[in-house]
Structures are given as structure tokens and as C-alpha cells.
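Note sheet for the following structure.
What follows is calculated from the coordinates using simple rules that are stated; it is not laboratory data. All figures in this text were calculated on a predicted structure; none of them were measured in a lab. Heads up, the Cβs are rebuilt from the backbone with ideal geometry, glycines too, and the neighbour counts pull from every protein chain shown.
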Amino acid sequence: MSTIDEAPAAGLPPQLSPQLSWERFWQLVDLIGGEPAVAVCATFDEGCERLSEVLAAGPVEEILGFGERFAEALYRLDREEYGTQRAVDPAYPGQSLPLSDDGFLYARAAVVAAGRAAYERVLGEPELFAAHSFRSGESLLYVHEEAYEAATGEEWEHDTRYDYESCSNREGWPNL
């Protein structure tokens, strides 16, 4: 699949799909600043703070929906063809390292943070994932949780429909 549509990922019935549209999800992600923001840690963190503030100021349902869509976006990238790629640091061309489970998760989050166009390019051409492999989108993992806590005064205790931890997408890792 090279584009994101309103259909849930494989294995889930349509009635369990999140209430937040993909269009709204990507509008919110755009608040981070796209690929240029992801490339600079301070700019990326500022973008995540901005996104968290916007989510916290809106309805709680939107925070929950964002968490669901984000988990699904990460889950869709949790595939062997991405996770077996090696991390390439642009400062050291020609050298690469295997991705750890955390590194793979953070790189997938960086792809999401880069925006819809980057995400869909990577979905369509897995070899493009390597360009994101040395970036860390870790801060994005906590945006909806922080927004929820700011909006409700309670800790995020919600399990999303999709487990986004590395190698949890069994269909994407048939050799595990």
C-alpha cells in the first residue's frame, strides 16, 4: 500500500477504526515542521511541544484519535523490509550500523514526523527508509500522552489498537 486511506490496517474490523481522520492527523503532524524540523533536534522538540499544546487545547477525543492514528502509522512501518536496514549517519558516509529495536521505533517515528508525503514515499519505496534511520523521532512518541495529561490532569492509560513496538506487526515480520 503506498498511500494512507481510511481503511484500518490488516487484521482489524472497520468498526474499530479511530475517529480522527487521516487528513486531520497529518494536519496535526504538519505542526512539527516536516522533514527540515526532524533533521534538527531542537527544532523537532519545539515542533513536538507545539503539537502537544494544540492537542491539549482541543477535545480529548482528538488526543485519543491522534494516539490511535500515530500507533497505526508506526505499525504500518513495522516491517522486515524497514527493520533490517542499517542506520546510516550522514556524518560518516560508508559506515552503517544495525538498527536496535528502539532505534527502529525512533526512526519510524521520524518518518511520521517528516509528514504525509515523506511517509507515503517510504511506504511505497522501502529503500527510502534508510535516509531516516539515523534520526530520532522519540519525542513524538510522548506528544499525545503529554497532551492528554495537560488536558485532563490524568496520566495516559489507554492501550491503542495497534502495538507499535518493534517487531509487533507479525504480518510484517513473517520470519520471526
#### Entry: Ellipticity estimate at 222 nm from DSSP helix runs (n ≥ 4, -39,500 (n - 2.57)) divided over the chain, nearest 500
-14000 deg cm²/dmol
### Query
Using bins 10 angstrom wide from zero, how does P(r) for the range 39-139 break down, in % of all Cα pairs?
15, 45, 30, 9, 1
### Query
Dipole magnitude of the chain about its Cα centre, charges +1 at Lys/Arg Cβ and -1 at Asp/Glu Cβ only, in debye to the nearest 20?
640 debye
### Message
How high is the relative contact order of the chain? Use alpha-carbon pairs under 8 Å, at least six apart in sequence, and give a whole percent.
### Response
30 percent
### Task
Could you state the angle between the C-alpha long axis of helix 101-113 and the longest principal axis of the C-alpha atoms of the chain, as a value from 0 to 90 degrees rounded to the nearest 10?
60 degrees
### Query
Could you give the angle, 0 to 90 degrees to the nearest 10, between helix 143-152's Cα long axis and the longest principal axis of the Cα atoms of the chain?
10 degrees
#### Entry: Signed unit charges on C-beta, dipole axis of the chain, positive-most listed residue His132, Ala56, Val112
His132
### Query
Using the beta-carbon distance between Glu53 and Glu120 and R0 = 30 Å, what value does 1/(1 + (r/R0)^6) give for FRET efficiency, to the nearest 0.05?
0.65
### Task
Set the Förster radius R0 to 22 Å, insert the Cβ-Cβ distance between Glu155 and Gln27 as r into 1/(1 + (r/R0)^6), and round the FRET efficiency to 0.05.
0.25
## Note on the structure
Within the set Gly67, Gly58, Gly103, GNM on the chain using Cα springs under 10 Å gives the largest fluctuation to Gly58
### Query
Using the alpha-carbon atoms, what tilt in degrees (0 to 90, nearest 10) does helix 41-57 show relative to the longest principal axis of the chain?
20 degrees
